[in-house]
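Below is one structure, written out as structure tokens; the observations come after it.
All of the numbers you see were taken from the coordinates with simple rules; none came from a lab. Computed from a predicted model, the values in this text were never measured in an experiment. In this analysis, Cβ positions are derived from the backbone assuming ideal geometry, glycine residues included, and neighbour counts consider all displayed protein chains.
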Amino acid sequence: MRLLILCTGNSCRSQMAAAFVQRLRPEWGVHSAGTFPADGVHPLAIKVMRETGIDLSAARPRAVEEFLDQTFDYVITVCDHANETCPQFTGQVKQRLHMGFDDPAEAFGTDAEVLAVFRRVRDEIWKAFERFVAEADE
């Protein structure tokens, strides 16, 4: 199974989703990318994923253009902007799915409040992709 998980910056949501799927199915080819990749993975995404035992500190945002001619079983968008601006793939894509999540990088408030948003989104991503993997295995 080959997956490409997309969001806008590839700095939070798609990185978390790809890491969770990789944990569940290390034999799958899982990639993440952004329609407008950020300079780096968000530090709070790294922090909240570390709490689950996953280290994203070496991860780097990648551009969706790197993958346009490749074949995927699924291309999954995890933000509305990426869903709306997702380019056409010249490679074969068997299924395209959209699973929208809030952008934790847009959270505001105290440090504790922002961290809580990152944790909430992380947990929502975990549940959604755990369900996706279980259904793909059926």
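Relative to the dominant Cα principal axis of the chain, helix 111-137 is inclined by about 30°. Ordering of 15-22, 65-72 by packing is 15-22, 65-72, highest average first (other Cβ atoms within 10 Å, averaged per residue). Mean residue ellipticity, 222 nm, helices only, the chain: the sum of -39500 (n - 2.57) across DSSP H runs of n ≥ 4, divided by residue count and rounded to 500, is -12000 deg cm²/dmol.
For the chain, the Kirkwood hydrodynamic radius comes to 14.8 Å, computed from all pairs of different C-alpha atoms.
Among residues other than Val48 with Cβ under 10 Å from its Cβ, the summed charge is +3 (Lys and Arg +1, Asp and Glu -1). Region 15-64 gives an Rg/Rh value of 0.96, both radii derived from C-alpha positions and Rh following Kirkwood. Over all other residues within a Cβ to Cβ distance under 14 Å of Ala59, the charged ones net out to +4, with Lys and Arg as +1 and Asp and Glu as -1. Each of Trp126, Trp28 was scored by other Cβ atoms within 10 Å of its Cβ. Arranged with the fewest first, they read Trp28, Trp126.
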